[in-house]
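Visitor: Got a structure for you, questions after.
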Amino acid sequence: MDTFTKTYTDLDRAIDEVRSLSDNWPAACRNGEIDDETLHCTCLVLHEWIANLHQHAQFQSVSPAIQIHVTCQEAHVACSVLDNSDGFDLESYLPDEDDDPEAFPERGMGLRIIRTCTDELSYTSTDEGLHCFEFIIPSDHDPWLNTLF
Amino acid sequence: MSFSAETASSETVIIHVGEALDFRNADEFKSTFQEHVDEGIRKFILDFSDTEVLDSTGLGSIFSLYRAVSPDDGKVAFADVSEPVQVVVQLTRTYKVFRQFPSVEAAREAFAE
């Protein structure tokens, strides 16, 4: 098992660096145990989640701070994003898989993409008063959305 | 970040997407294509050769372009699609709507036929 952890206080910078996260992947990823598509999906989900925090999260009087944690194992990538926002009820915002979305939607695809790419998705409060988004992307995952068109 | 647009013919414009099309510059992308839509352009080639990020909002802005030109039988093609963009294309199955070409030149030739 191999891990990668990085903390950011600037969400714009976090988003910019997530795109090049693959340069710093743990050894298990770099050694080809996890395929490129899984890595790109991981970057996309991290981007969508941090973008979501950037645009919608409430941080009250504190400056935003997040910690990204990535673990590569033989069959999957496991990630968490710890944040100091007020949090929200993810389940109430996640679209149902059976939902029939608008054709060619301009907004609202982010959480749908996150749900489709990931397994074991959760966003929970921690004992320290923070919030933690966690997900797993199996290397044999074959995600696709068939409901946009 | 502004988007570079290049006139390929009287009917076709190439937009070089650059490093990223995401929630932070999607409005600028829309302003870029709208200027050409207002001039009567209905064929667009999107050059993704340097693109490391296409997020859901960026894709939404491309849908916006498609909605603007499709009533007039317009076309939007993806050219030189990078790996991160290809993941989004496959995930959302946008290849059903936007024809892909290996290069801008190949798209330009196809549009000229």
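Visitor: HN-Hα J couplings of region A:114-128 from phi, Karplus 6.51/-1.76/1.60, θ = phi - 60°, integer Hz, Gly and Pro as x?
Guide: 4, 4, 5, 6, 10, 10, 6, 7, 7, 9, 10, 7, 9, 5, 8
Visitor: In deg cm²/dmol and to the nearest 500, what is the mean residue ellipticity at 222 nm of chain A if only DSSP H runs of at least 4 residues count, each as -39500 (n - 2.57), divided by the residue total?
Guide: Computed mean residue ellipticity for chain A: -8500 deg cm²/dmol.
Visitor: Further question on the same structure: What do you get for Rg/Rh of chain B when both radii come from the Cα atoms and Rh is the Kirkwood radius?
Guide: 0.92
Visitor: Can I ask one more? For the protein assembly as shown, give the share of DSSP beta bridges that are antiparallel, in percent and rounded to the nearest 5; count only bridges with both residues there.
Guide: The antiparallel proportion sits near 65 percent.
Visitor: Rank A:A65, A:A103, A:A14 by mean-square fluctuation in a GNM of chain A with C-alpha springs under 10 angstrom and give only the top-ranked residue.
Guide: Of A:A65, A:A103, A:A14, the most mobile in the Gaussian network model is A:A103.
Visitor: Taking loop as defined by DSSP and a crowding limit of 10 other beta carbons within 10 Å, which GluC sites (Glu not before Pro) in region B:32-109 fit?
Guide: When the GluC sites (Glu not before Pro) of region B:32-109 are filtered for loop state and at most 10 Cβ neighbours within 10 Å, B:E39 remain.
Visitor: What span do the alpha-carbon atoms of region A:1-139 cover on each of the three principal axes, reported in whole Å from largest to smallest?
Guide: 39, 38, 27
Visitor: Can you run phi through the Karplus equation (6.51, -1.76, 1.60; θ = phi - 60°) for region B:4-18 and list ³J(HN,Hα) in whole Hz, with x for Gly and Pro?
Guide: 8, 10, 10, 7, 8, 7, 5, 10, 10, 10, 9, 10, 7, 6, x
Visitor: Which of the lysines could a cross-linker bridge to B:K43, judged by Cα under 21 Å and excluding same-chain residues fewer than eight apart?
Guide: Correct list for B:K43: B:K30, B:K75, B:K96.
No lab work stands behind these numbers, since they all come straight from the coordinates. For clarity, every value in this text was computed on a predicted model and none was experimentally measured. Positions of Cβ are generated from backbone atoms using ideal geometry, with glycine treated the same way; all protein chains shown enter the neighbour counts.
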